[in-house]
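Below is one structure; the comments refer to it alone.
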Amino acid sequence: MPVFRRMVLAVGLRGGVIGSVLALACLIALSLLGGDMAPGMLPGLRLEAIDWVVLVLLTPLVATVAAVTARSTVLSALARLI
């Protein structure tokens, strides 16, 4: 794998993991604090098993799309130079 694509993939994965951890922290905080609100204000925040699978697979999928897009962009720019 070329160095540039590997670097973009690593940065995408790092950003995705950080974003996923922050999103999970927000979901947990909302579920804990939501119990004190009026029942109609915040519906139950329950994630099914498929929701967790999608959330886990989303980060590597988006990082891969970023790496492929970076490769395509670099190849396109190089083709214009030739």
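The values are calculated or read from the model by the stated rules, or taken from the named source; none is laboratory data. Because the structure is predicted, anything quoted here is derived from the model rather than measured. So basically every Cβ, Gly included, is an ideal-geometry build from the backbone, and we count neighbours across all protein chains shown.
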- Query: Scanning for something part of a helix (DSSP H, G or I) and modelled with pLDDT under 80, does segment 3-11 turn up at least one residue?
  - Reply: yes
- Query: In segment 54-78, what residues are of a type in the set (A, V, I, L, M), surrounded by 14 or more Cβ atoms within 10 Å (Cβ to Cβ) and under 10 Å from V8 (Cα atoms)?
  - Reply: A63, A66, A67, A70
